[in-house]
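The values are calculated or read from the model by the stated rules, or taken from the named source; none is laboratory data. These figures come from a predicted structure and were not determined experimentally. Note: ideal-geometry Cβ built from the backbone for every residue, glycine included; neighbour counts use all protein chains shown.
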Amino acid sequence: MALLRDVPFAEYSTNPTVQMVLRNLNKFPSKTSAPTVSGSITAQTLFRGSGPGEDVGPYISQFLYKSYNYGAMPIEQMYNENLDPTNMLDMNGWLAVQNGEDPGSVVTKRRAYTASGRVLGSIVHSDPAFQCYYAAALIALQQGVETEGYTTNQISTAWMTTGPPDLFTSVAHVAAGALRTAWLQKWGITMRIRPEVFAQRYELARKRADLLDKRTGVPGLAELKAHVETASELLEAVLADNKARVGEETALLAVQYPEGSPTHPSLPAGHAVIAGACVTVLKAMLKTFDDDAATIETKWVDSGRTAVHAIDGTALLDYTAADAREMTVNGELNKLASNVALGRDFAGVHYRADGDGGLRVGEDYAISYLAEKIHTYREASKKYDLFQGWVLKKFDGSVVAITRKGVRPLGHRRHRRGVSG
């Protein structure tokens, strides 16, 4: 993805490097979790998430474009672009970073709207845990999306129970448990090496024939080398790109962060687990359906909401393509989660599978969080029966109801707003 960091998303359909990347990625049809068209990754689906609604509209979620008010402070979503360091493109520098040497500070280029992978990788470099989702909650409410609160009481309205304060605090609270869940899986189950280490292993394999010996070499290294070289055209492009950066061919990974990857295992991505959890809470606690049967999703371009996108990062432009009318609130929230997860891939610190798996882990945790949370609501008790639960469209497209009796699939069964338990 380092080859495409500076290619605007709006130019993916015509960029020759994108076409080369697609040719090589499509050599591994059984290895991808990316969305495909007739079995192939296309310029339209490249680096998009696989959740419902992510295949329409701009690549970037409206929740990473729209301006909003943080209290009395107006926020314009322009971000400092992090430039690529070169300290990890030789073996000594790579090893120094692995050993904890201070890599120096991040160098920034300009402030820009999210028009490319570079901006996306910059956003997810130093973001506080739930920043993007707290902002999304503010944006949703300021764009006219309501909370899924109880509305049947004539003398009170939803506030700390299912109202805006409940939404804001839940987004923050669920992030903490999601992060603990991620760390348990990283250290207790997967222990997957980071992309920069995988690239270093290949660099050793291509320069040290003795390490490939079946009897005395490193187990699995010859197989790793053969696997990477299946995408020979892509490999040659990487070697040439690195030579342009540092003056010599190397297969070491051109990461975006001078400190390289975090020092914990790669799978699942912590950013993705938090994204999956926080976005699940947002989708449940916001009104994302227009009908009681949960079959008509709330459109994004509706009720005064408009869609925007960025071409070169300098300005936001109206998005008026035909598929703008197909954009939904659920879809844009799904995009937000995937944008964050894949932003870490653009930076070179994760694999796609880390993000895709992490989103599902976060979703599972958030559903259990909400199923427990509803029992803290007096309004959800049998005595008051003001709030019956939430409806959630999951990342796999299935719809569930979360009630005081538990979590159940809805399918196409009717239910009233708030869901009967």
Starting from region 41-59, keep only residues that are on the phi < 0 side of the Ramachandran plot, then list their pairs with residues that are part of a loop (DSSP other than H, G, I, E, B) and of a type in the set (Asp, Glu) whose Cβ atoms are within a distance under 6 Å, requiring at least 6 positions of separation or different chains. ARG48/GLU54
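So which residues in region 105-130 are of a type outside the set (D, E, K, R), outside any loop (DSSP other than H, G, I, E, B) and closer than 22 Å to GLU259 by Cα, if there are any at all? Give the derivation first.
The initial filter retains those residues of region 105-130 that are of a type outside the set (D, E, K, R), namely 105-108, 112-117, 119-126, 128-130.
Now narrow it down to the ones that are outside any loop (DSSP other than H, G, I, E, B): 108, 112, 116-117, 119-123.
Hits for region 105-130 are THR108, SER116, GLY117, VAL119, LEU120, GLY121, SER122, ILE123.
Of the residues that make up region 269-289, is at least one surrounded by 15 or more Cβ atoms within 10 Å (Cβ to Cβ), of a type in the set (S, T, N, Q), farther than 28 Å from LYS27 by Cα and touching a helix residue (DSSP H, G or I) at 6+ places or on another chain (Cβ under 9 Å)? So that I can check it myself, show each step before the final result.
So in region 269-289, the residues surrounded by 15 or more Cβ atoms within 10 Å (Cβ to Cβ) come out as 269-289.
After this cut, where a residue has to be of a type in the set (S, T, N, Q) as well, the list is 280, 288.
Those still in the list that are farther than 28 Å from LYS27 by Cα too: 280, 288.
From what's left, touching a helix residue (DSSP H, G or I) at 6+ places or on another chain (Cβ under 9 Å): 280, 288.
Taking every residue of region 269-289 in turn, at least one turns out to be surrounded by 15 or more Cβ atoms within 10 Å (Cβ to Cβ), of a type in the set (S, T, N, Q), farther than 28 Å from LYS27 by Cα and touching a helix residue (DSSP H, G or I) at 6+ places or on another chain (Cβ under 9 Å).
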Restricting region 353-379 to residues that are farther than 30 Å from PHE47 by Cβ and touching a residue at least 40 places away in the same chain (Cβ under 8 Å), the one surrounded by the fewest Cβ atoms within 10 Å (Cβ to Cβ) turns out to be ARG378
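Regarding GLN256, is this residue in contact with a strand residue (DSSP E or B) (Cβ under 6 Å, 6 or more places away or on another chain) and either of a type in the set (Phe, Trp, Tyr) or modelled with pLDDT of 95 or more (or both)?
Working: in contact with a strand residue (DSSP E or B) (Cβ under 6 Å, 6 or more places away or on another chain): yes; either of a type in the set (Phe, Trp, Tyr) or modelled with pLDDT of 95 or more (or both): yes.
Here the answer is yes, as GLN256 does meet what is asked.
Look through region 54-94, keep the residues that are in a loop (DSSP other than H, G, I, E, B) and in contact with an Asp or Glu (Cβ under 7 Å, 6 or more places away or on another chain), and return whichever of them is surrounded by the fewest Cβ atoms within 10 Å (Cβ to Cβ).
Pass one, region 54-94, residues in a loop (DSSP other than H, G, I, E, B): 54-61, 65-67, 71-72, 76-78, 83-90.
Subsequent filtering for residues that are in contact with an Asp or Glu (Cβ under 7 Å, 6 or more places away or on another chain) retains 56-57, 61, 67, 88.
Working: VAL56: 20, GLY57: 24, SER61: 28, SER67: 13, MET88: 30.
Ranking the qualifying residues of region 54-94, first place goes to SER67.
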ALA240 versus (1) surrounded by fewer than 13 Cβ atoms within 10 Å (Cβ to Cβ); (2) closer than 30 Å to TYR134 by Cα: which is the lone unmet condition? (2)
When only residues in region 151-203 that are acidic (Asp, Glu) and within 24 Å of PRO128 (Cα to Cα) count, which is modelled with the highest pLDDT? GLU196
Please find, among GLU248, GLU223, GLU203, the residue that is assigned to a loop (DSSP other than H, G, I, E, B), farther than 30 Å from LYS335 by Cα and out of contact with any Pro (no Cβ under 6 Å at 6 or more places or on another chain). GLU248
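For ARG215, indicate whether it is under 20 Å from the mean Cα position of the chain (by Cα), of a type in the set (Lys, Arg) and either surrounded by 16 or more Cβ atoms within 10 Å (Cβ to Cβ) or at pLDDT below 95 (or both). Let's see the steps before the verdict.
On the way: under 20 Å from the mean Cα position of the chain (by Cα): no; of a type in the set (Lys, Arg): yes; either surrounded by 16 or more Cβ atoms within 10 Å (Cβ to Cβ) or at pLDDT below 95 (or both): yes.
Answer is no for this residue.
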Give me the residue from region 392-410 that is touching a Gly at 6+ places or on another chain (Cβ under 8 Å) and β-branched (Val, Ile, Thr) and, out of that set, surrounded by the fewest Cβ atoms within 10 Å (Cβ to Cβ). VAL399
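Kindly indicate whether PHE395 is closer than 17 Å to GLY276 by Cβ, assigned to a loop (DSSP other than H, G, I, E, B) and of a type in the set (A, V, I, L, M, F, W, C).
Working: closer than 17 Å to GLY276 by Cβ: yes; assigned to a loop (DSSP other than H, G, I, E, B): yes; of a type in the set (A, V, I, L, M, F, W, C): yes.
Criteria met by PHE395.
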Hey, among the residues in region 21-39 that are surrounded by 14 or more Cβ atoms within 10 Å (Cβ to Cβ) and more than 18 Å from VAL228 (Cβ to Cβ), which one's modelled with the lowest pLDDT? ALA34
Report whether or not ASP302 is assigned to a loop (DSSP other than H, G, I, E, B), in contact (Cβ under 8 Å) with a residue 60 or more places away in the chain and over 18 Å from LEU89 (Cα atoms). no
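Counting just the residues of region 190-200 that are in contact with a Pro (Cβ under 9 Å, 6 or more places away or on another chain) and over 15 Å from LEU221 (Cα atoms), which one comes out surrounded by the most Cβ atoms within 10 Å (Cβ to Cβ)?
Restricting attention to region 190-200, the residues satisfying the condition of being in contact with a Pro (Cβ under 9 Å, 6 or more places away or on another chain) are 190-194.
This time we only want the ones that are over 15 Å from LEU221 (Cα atoms), so: 190-192, 194.
Details: THR190: 13, MET191: 12, ARG192: 17, ARG194: 24.
Ranking the qualifying residues of region 190-200, first place goes to ARG194.
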Taking region 198-217 as the region of interest, how many residues are among the aliphatic types (A, V, I, L, M) and over 23 Å from ASP345 (Cα atoms)? 4
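More than 25 Å from VAL308 (Cβ to Cβ), surrounded by fewer than 18 Cβ atoms within 10 Å (Cβ to Cβ) and either at pLDDT 95 or above or in contact with an Asp or Glu (Cβ under 9 Å, 6 or more places away or on another chain) (or both): is that true of GLN142 in this structure? If you could, list the steps in order and put the result at the bottom.
Values: more than 25 Å from VAL308 (Cβ to Cβ): no; surrounded by fewer than 18 Cβ atoms within 10 Å (Cβ to Cβ): yes; either at pLDDT 95 or above or in contact with an Asp or Glu (Cβ under 9 Å, 6 or more places away or on another chain) (or both): yes.
No: the conditions fail for GLN142.
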For the condition surrounded by fewer than 21 Cβ atoms within 10 Å (Cβ to Cβ) and either within 22 Å of the chain's Cα centre (by Cα) or polar (S, T, N, Q) (or both), what is the one hit in SER116, SER122, SER126? SER126
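From ALA293, ALA237, ALA272, ALA315, grab the single residue that is among the small types (Gly, Ala, Ser), assigned to a helix (DSSP H, G or I) and over 20 Å from the mean Cα position of the chain (by Cα). Spell out the reasoning first.
Details: ALA293 fails: assigned to a helix (DSSP H, G or I); ALA272 fails: over 20 Å from the mean Cα position of the chain (by Cα); ALA315 fails: assigned to a helix (DSSP H, G or I).
Within the list ALA293, ALA237, ALA272, ALA315, the selection yields ALA237.
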